[in-house]
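Novice: Here you go, one structure.
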Amino acid sequence: MATTEGITDLGEYEPPRWLQVAMEASHVSPEFDARCREAGEVALDLARMRREKGRGQGFVDLSLGAYVDAIAQLASVDLARVLRWLEVPGLDPIDLTTVKGSMRLCKAIGLSLRETLAHVRIGFAGSAGFRPFNPEVFPRGGGRRGLDRCEAALAEAETEYDLEILHRIRQLEAAIHSAYYELD
Amino acid sequence: MWWKEHVTENGTRFAVELFPARFREPDPKAFQDFAKIFGPAFRRYFLLRGLDPFEAEDLAVNLVGDIPMRVIDGKFETRTGGSFRAWTLTQMRNTAHDWWRKRHRSPDVIPMREDTAEPGTGTETDVDTEDTDVVVAVREAIASLPKQFREIVELRHLWGEQDYAGVAATLGITSGAARVRHSRAMAQLAEALSTDPRLKRVLYRAQLGA
């Protein structure tokens, strides 16, 4: 079919062999292409959430799930899609088997390990029926020393927890530490 | 367009070097472009290192999501301060290395290809990533085509070999128009890639074979 200088006898351009070889190396299935696109979209969602988180001042005394949900809403991000992509069923409480995905999320949106642990402990406090935060002592938003005050309030509340709950908290904390640093 | 403004001042700086700044904005298109350009390149590399297609695709997809976040997390600047391409390829090699180490410990060892160095040892050569660079160059060139040309190249070549009738039906044009558009798109692509140093070896081999 090809005649001279890459033009076929139908007047079409015939791609040179080297281009065909290079193109073949780039072949992917539509399914793979869609997965890559979704991964890119989720990365963008996380970047938006991180920017939104960075706009906040101080620590907010919410459970991890409630806090992340709030950030997602402010950033106009579909959190369900992000969690699905990370294979995280939920954040309140974090499941030991999916702690790595949860930490990927926390790190990606800019939560420090200390903040993450405090949010997780707040979740336990809430589910155990404790309300450790006196609004007069701990105004919403927490201010500059909010995290310090929150940790102090949690430590006080946790003296009244059942040993079983405390054990679960410590177990989860260890898993969170490990997963968080593994991501570095 | 960003890629036109920044391609090769001295033959070494490519449009991909702009990704870090674009991720930090964050520019939504940067995430799409990165996925389109590097996803297939990562997959190609992992396949050539001996991973099965499912694992190669899983690792590639994870990297497509992780690398922009690592950049935003400040890992790119602090660790290299240099080429984003080189840093990205190092992340890719390290991922292959981690995969290999995990498998190596298990009883069902799947050996890496023996004709290449163990990834992550620092003994790799450019040959290790030559194919990856080719894919990146091709994908980057396709991304820089006008939309109507880009669409037809993607449909006809990148997602399986669709015939002109299928392409025409997808785009809502006649088969003849699809042929003409494809022909022009390929000519433009060949022109863009023929001077790209990343395709030097491919061009050289083609010359030898001719």
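Each reported figure results from applying straightforward, stated rules to the coordinates on display, with no laboratory input. What you are looking at is a predicted structure, and each value in this text was computed from that prediction instead of being measured. As a convention, Cβ positions derive from the backbone with ideal geometry for all residues, glycine included, and neighbour counts pool all protein chains shown.
Novice: Please list, by residue number, every one of the GluC sites (Glu not before Pro) in region B:144-210 that is coil in DSSP and has at most 16 other beta-carbon atoms within 10 Å. Write out the running numbers ahead of the final one.
Specialist: On the way: sites: B:GLU151, B:GLU154, B:GLU161, B:GLU191; in loops: B:GLU161.
Here the GluC sites (Glu not before Pro) that fit, given the DSSP loop and packing criteria, are B:GLU161.
Novice: Something else about it: Using Cα pairs closer than 8 Å and at least 6 residues apart in sequence, work out the relative contact order for region B:145-210, in percent. Each step should come with its number before you reach the end.
Specialist: Working: 38 pairs, mean separation 19.6, N = 66.
Relative contact order, region B:145-210: 30 percent.
Novice: Residue-wise, which Karplus ³J(HN,Hα) couplings in Hz belong to region A:163-168, taking 6.51 cos²θ - 1.76 cosθ + 1.60, θ = phi - 60°, and x for glycine or proline?
Specialist: 4, 4, 5, 4, 4, 5
Novice: What does the net charge come to around A:LEU166 if you take all other residues with beta carbon closer than 12 Å to its beta carbon, with K and R at +1 and D and E at -1? Could the numbers behind the result be given before it?
Specialist: Details: positive: A:ARG121, A:ARG168, A:ARG170; negative: A:GLU158, A:GLU160, A:ASP162, A:GLU164, A:GLU173.
Its environment carries a net charge of -2.
Novice: Which one of B:TYR164, B:LEU193, B:VAL153 is farthest out on the positive end of the charge dipole of region B:145-210, using unit charges on Cβ (Lys, Arg +1; Asp, Glu -1) and the Cα centre as origin?
Specialist: My answer, from the dipole projection, is B:LEU193.
Novice: Here's a follow-up. Residue-wise, which Karplus ³J(HN,Hα) couplings in Hz belong to region B:36-50, taking 6.51 cos²θ - 1.76 cosθ + 1.60, θ = phi - 60°, and x for glycine or proline?
Specialist: 5, 7, 8, x, x, 5, 4, 4, 4, 4, 5, 4, 5, 8, x
Novice: In nanometres, what is the gap between the two model label sites at B:ASP52 and A:GLU31, each 7 Å from Cα along Cα-to-Cβ?
Specialist: Modelled inter-label distance: 1.4 nm.
Novice: Now a separate question. Would you kindly derive the ³J(HN,Hα) couplings of region A:43-52 from the backbone phi angles with the Karplus curve 6.51 cos²θ - 1.76 cosθ + 1.60 (θ = phi - 60°), listing them in order in whole Hz, with x for Gly and Pro?
Specialist: So the Karplus estimates, Gly and Pro as x, are 4, 5, 4, 5, 5, 5, 5, 4, 5, 5 Hz.
Novice: Cα to Cα, under 20 Å, and not fewer than 8 places away if on the same chain: which lysines meet these conditions relative to A:LYS53?
Specialist: Reachable lysines: A:LYS107, B:LYS75.
Novice: Give the angle, between 0 and 90 degrees and rounded to the nearest 10, that separates the Cα long axis of helix A:146-158 from the longest principal axis of the Cα atoms of chain A.
Specialist: Tilt relative to chain A: about 60 degrees.
Novice: Find how much the distance from A:ALA174 to A:ALA152 grows on full extension, using 0.36 nm per residue of separation minus their present alpha carbon separation; answer in nm with one decimal. Can you show the working numbers first?
Specialist: On the way: separation 22, 0.36 × 22 = 7.92 nm, distance 1.96 nm.
Between A:ALA174 and A:ALA152, full extension yields 6.0 nm more.
Novice: If you take the beta carbon distance between A:ASP95 and B:GLN32 as r and set R0 to 51 Å, what does 1/(1 + (r/R0)^6) give as a FRET efficiency, to the nearest 0.05? Don't skip to the end; give the middle numbers.
Specialist: Values: r = 31 Å, r/R0 = 0.62.
That gives a FRET efficiency of 0.95.
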